[in-house]
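First the structure, in the form of structure tokens, and then the observations on it.
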Amino acid sequence: MKNNIFIIILIVFSWLRVFNANAQTKLNLLNIKDSCLAKYDSATNRMIYQIVDEMPSYRGGMDTILAIIGRNLKWPNTECEFQGRIDIGFIIETDGRLTNKNILNESSKKDLCGSSSAALNVLNFLTDWIPGKCHGIKVPVRYYLPIKFTLN
């Protein structure tokens, strides 16, 4: 009887090792195969990607983005002494256009000094995006950009 229990335990243990190895292999294949993450966006009624194989980029890189923002961001109200960061979210479409531009931080949505609208307006100058890709296919990607207002 003891031998039978030992053999059953050994078989179950061997089966668990094989099952675990197969599961781990399947998980590895899934991680490689499904490296993109998309969520349903109720505002646009479609899937929008959060993580992709090739993230969207701006032609010229981050230095070009900063230069464009520096040249085109107009201080909204010279009498207002607003300082702070405004977080902007938008979708970079498959053709490189920006859509669904919005302010993410609640405190900036009040827009007492006009800084939120100024931050959104500067996005109109950022028109040369290279779209993101998932498995080599261009997909819409949600992107976040913080814009900081400071007084000199």
* Asked: Has region 56-79 got at least one residue that is in a loop (DSSP other than H, G, I, E, B), at pLDDT 95 or above and out of contact with any helix residue (DSSP H, G or I) (no Cβ under 8 Å at 6 or more places or on another chain)?
  -> yes
* Structure fact -> Given the conditions (1) touching a strand residue (DSSP E or B) at 6+ places or on another chain (Cβ under 9 Å); (2) within 23 Å of SER35 (Cβ to Cβ); (3) without any contact (Cβ under 8 Å) to a residue 24 or more places away in the chain, every one holds for ILE137 apart from (1)
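The values are calculated or read from the model by the stated rules, or taken from the named source; none is laboratory data. This structure is a prediction, so every number in the text was calculated from the model and none was measured. Cβ atoms come from the backbone with ideal geometry, glycine included; neighbour counts cover every protein chain shown.
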